Amino acid sequence: MQLIDTHCHLTFEPLDPDIDAVIERSKAAGVISWITVGTNLPDSRKTVEFASRFDNLYAAVGIHPHDAKDAALDTLTQLRDLAQNIKVVAIGEMGLDFHYNFSKQPDQLRVFAAQLQLAAELNLPVIIHSRNAFDETIDVLDRFAKSVKNIVFHCFSGSPEQAKQVLDRGHYISFTGVVTFKNADRARQAADLVPLERLMLETDSPYMSPEPVRKQKINEPALMTHTAKFLADLKKIPLEGFAAAVTATSKAFFNHPPGPIG
Ligand SMILES: [Zn+2]
Ligand SMILES: [Zn+2]
């Protein structure tokens, strides 16, 4: 089995100091490529630096809606420079979080739109974080529908109707361990709808450990195999075939350069 963790935060404590062991455990489990995702400018710099140190580790650079309040005038310029690095495969994570509202909504909207503009210019895929802001997120994305090619809703926990809206627009959906949680019936119904050509897997580690290891406070890429197995069972597909299909989807989405996996 060769899986890609399309969204993790290897730069975050407590994964960062343990990075070599985290990567080794992941490879041993069959999760052999990763995209470590930036949440602000210093963190995005760190993702690029991490990616340069490991084969099959790639980076996304972006400003999380929580961090939109700190985005200065030249932040986008610096993000653009960072995105030139060969290991950068996406812009994100970006989007709207009206659950926490750590940044004011006008700031979130402005920084989200600016990053979509950047992704369009650079012809890079985008990773969307959307919480309690589904309709608003779709509205903003629709303005960029022609210019931004590949869009994924990460850590999807929306309804089947919302999944349908995402799929109808040609976007992708990525699932974390949340889909394995007992109270996640709605996300499971949504997952049922998503064809494998549009479905990706992620850990969002160090958060969101999947069942049956949810008690393990610190999630890491190796544990994504539980989510893979869970979704393969849900879709009644043998795990190997499921893994091969979602890995092919992920490689196509991110335009992974050729290599053993990616
Ligand atoms: Zn997120
Ligand atoms: Zn994340």
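The numbers here are math on the coordinates, done by the rules we state, and not lab data. Values in this document were obtained by computation on a predicted structure and should not be read as measured data. When we count neighbours, we look across all protein chains shown, and the Cβ atoms used for this are built from the backbone with ideal geometry, even at glycine.
Values as computed for the structure displayed
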{"item": "R188 versus Q105: modelled label distance in nm, points set 7 Å from Cα along the beta carbon direction", "result": "3.4 nm"}
{"item": "Nonlocal amide H pairs with M200, under 5 Å, H built at 1.01 Å", "result": "I173, S174, F175"}
{"item": "Estimated FRET transfer efficiency when R0 is 41 angstrom, pair K217-E49 (beta carbons, to 0.05)", "result": "0.95"}
{"item": "Kirkwood Rh (inverse of mean 1/r, distinct Cα pairs), segment 91-204, angstrom", "result": "14.3 Å"}
{"item": "Residues of type lysines that K229 reaches as a straight line, Cα spacing below 28 Å, ignoring anything fewer than 8 places off in the same chain", "result": "K27, K164, K182, K215, K217, K251"}
{"item": "Overall dimensions of segment 176-221 by Cα: Rg and Dmax, Å", "result": "11.2, 31"}
{"item": "Percent of Cα-Cα distances greater than 23 Å, calculated over segment 146-262", "result": "27 percent"}
{"item": "The chain, relative contact order in percent, only Cα pairs under 8 angstrom and at least six apart counted", "result": "20 percent"}
{"item": "Reachable aspartates and glutamates, given that their alpha-carbon falls under 17 Å from the alpha-carbon of K149 and they are not under 8 places away in the same chain", "result": "E93, E121, D139, D168, E197"}
{"item": "Cα centroid of segment 106-181 to Cα centroid of segment 20-64, whole Å", "result": "21 Å"}
{"item": "At 0.692 mPa s and 37 °C, Stokes diffusion of segment 1-154 via Kirkwood alpha-carbon radius, µm² per second", "result": "210 µm²/s"}
{"item": "Range of Cα positions in the chain per principal axis (Å), largest first", "result": "48, 41, 34"}
{"item": "GNM top mover of S26, S159, S250 - the chain, alpha-carbon springs below 10 Å", "result": "S159"}
{"item": "Sorted by Cβ neighbour density within 10 Å, fewest at the top, the residues V111, V213", "result": "V213, V111"}
{"item": "Extension gain, D233 back to Q165 (0.36 nm per residue minus Cα-Cα distance, nm)", "result": "22.0 nm"}
{"item": "Under 20 Å from the R143 label point (7 Å along Cα→beta-carbon), backbone N, segment 153-194", "result": "153, 166, 169-171"}
{"item": "Förster radius 30 Å - calculated FRET efficiency between Q78 and E24 (Cβ-Cβ, nearest 0.05)", "result": "0.40"}
{"item": "Total formal charge among the other residues, if their Cβ is under 10 angstrom from that of G62, Lys/Arg +1 and Asp/Glu -1", "result": "-3"}
{"item": "Neighbour-count ranking [beta-carbon atoms within 10 angstrom, fewest first] of M200, M94, M208", "result": "M208, M200, M94"}
